[in-house]
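Notes follow the structure.
The values are calculated or read from the model by the stated rules, or taken from the named source; none is laboratory data. Just so you know, these numbers come straight off a predicted model, no measurement behind them. Here Cβ is always computed from backbone atoms with ideal geometry, including for glycine, and neighbour counts include all displayed protein chains. Keep in mind that these areas ignore ligands, DNA and RNA; they rest on the heavy atoms of the full protein, side chains included. Shrake-Rupley method; radii C 1.70, N 1.55, O 1.52, S 1.80 Å.
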Amino acid sequence: MFHFLITGATSGIGAAVLELLSLSNIYYPDKSKLKITLVGRGEEKLKQTADLYKNTDINYLIIDLQDPLSIEEALKDDLQNLKNVNRLIYSAGQTRIEGIRQLSVKRNMEILNINYLSFVELLRVIILNKPAESKLSAVAVSALAATTGAPYTDSYSAAKKALEVYIKNSSLELFKYNTIVNAVAPAYVDTPMLKFNRLINKNFDDSIKSIQPLGLISPEAAAKEILNLLESDCCAGTIRFLNAGMQY
Ligand SMILES: NC(=O)c1ccc[n+]([C@@H]2O[C@H](COP(=O)([O-])OP(=O)(O)OC[C@H]3O[C@@H](n4cnc5c(N)ncnc54)[C@H](OP(=O)(O)O)[C@@H]3O)[C@@H](O)[C@H]2O)c1
């Protein structure tokens, strides 16, 4: 039985993961052995997303991942149902284009919370709740921007780099808890998250190949990398760069 917990499934890369899980026979072909719990902040969107795949066992939990302090309490009543979670995909994220003069502690914390601290807290609660012998594999979505640097995304890049350091650093200790964590770090992926880039650069799509020669990554391609890494027998504590040809 595969019990997935997925954040960020209402849009972009997370939505593509959910589609592959529910409709593709390449990954997890026996759908009767698949249970999926979505975690997100808005009930309407979560319901709409779950309703897309009526033949898959999908439920959802409402948690605002900008508030990591609320996660443990929010999961309290569902811990019994979450005991057998053995796959975690953390695709929730937010970015902002802002100069350092706008980057107050409050705004910095919001980006740090959603992109880093809520993953750490969600993982912690799931590990505490799972039977010791049960294996857990987790993949978090970082960003190549944390390594290449991207102007006006200081809080985002710092949060994603913190996430990567956590993934690498926690890996050895996590073996004790039968848990493997990895991350993917994509270059630009064609999702609604690019709205800011398209707003400030009207030629963003035309010029993308000068930045990443393979062009924009499709959400499906990123989702496949996530699912491959989730089932990898030879990766733990790694960051897989989906660079689309970008130098880093
Ligand atoms: N697109 C890119 O070029 C790119 C490149 C590198 C890395 N990434 C990373 O890839 C991951 C997925 O991003 P995407 O491109 O698929 O973006 P997206 O289409 O904007 O999706 C972001 C997801 O995060 C969820 N989310 C945002 N704030 C939340 C909150 N406070 N609580 C719970 N859920 C929240 C959104 O839920 P709602 O539907 O409720 O808003 C949505 O499901 C992110 O971690 C992002 O940083 C993206």
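Here are some notes:
- The residue that is farthest from the ligand (Cβ to nearest atom), among those in segment 179-208 that are touching a residue at least 12 places away in the same chain (Cβ under 8 Å) and among the aromatic types (Phe, Trp, Tyr), is Phe196.
- Only a single item in (1) hydrophobic (A, V, I, L, M, F, W, C); (2) modelled with pLDDT of 95 or more; (3) open to solvent by less than 30 Å² (accessible area, probe 1.4 Å) is not met by Phe204, and it is number (2).
- When restricted to residues that are more than 9 Å from the ligand (Cβ to nearest atom) and among the hydrophobic types (A, V, I, L, M, F, W, C), segment 8-20 contains 3.
- Output for segment 214-240, where each listed residue is surrounded by 17 or more Cβ atoms within 10 Å (Cβ to Cβ) and in a loop (DSSP other than H, G, I, E, B): Leu216, Cys235, Ala236, Gly237, Thr238
- Enumeration of residues in segment 21-60 that are within 15 Å of the ligand (Cβ to nearest atom) and in contact with a helix residue (DSSP H, G or I) (Cβ under 6 Å, 6 or more places away or on another chain): Leu38, Gly40, Ile58, Tyr60
- Scan of segment 99-130 for residues that are under 17 Å from the mean Cα position of the chain (by Cα) and either of a type in the set (A, V, I, L, M, F, W, C) or part of a loop (DSSP other than H, G, I, E, B) (or both), ordered by number: Ile111, Leu112, Ile114, Leu117, Phe119, Val120, Leu122, Leu123, Val125, Ile126
- Residues in segment 181-205 that are farther than 21 Å from Ser11 by Cα and either assigned to a helix (DSSP H, G or I) or out of contact with any helix residue (DSSP H, G or I) (no Cβ under 7 Å at 6 or more places or on another chain) (or both): Ile200, Asn201, Lys202, Asn203.
- Evaluation of Gly149 against (1) among the small types (Gly, Ala, Ser); (2) touching a strand residue (DSSP E or B) at 6+ places or on another chain (Cβ under 7 Å); (3) away from the ligand (no atom under 13 Å from the Cβ) (one fails), failing number: (2)
- Sole residue being touching a His at 6+ places or on another chain (Cβ under 7 Å) and not aliphatic (A, V, I, L, M), chosen from Asn115, Asn178, Asn86, Asn108: Asn86
- Residue within segment 82-99 that is surrounded by fewer than 13 Cβ atoms within 10 Å (Cβ to Cβ) and more than 16 Å from the ligand (Cβ to nearest atom) present: yes
- Any hit, segment 106-119, residues being buried (at least 17 other Cβ atoms within 10 Å of the Cβ) and among the basic types (Lys, Arg): no
- Cross-chain or 6+ apart pairs with Cβ under 9 Å, segment 215-236 first and of a type in the set (Lys, Arg), then buried (at least 17 other Cβ atoms within 10 Å of the Cβ) and in a loop (DSSP other than H, G, I, E, B): Lys224/Tyr27
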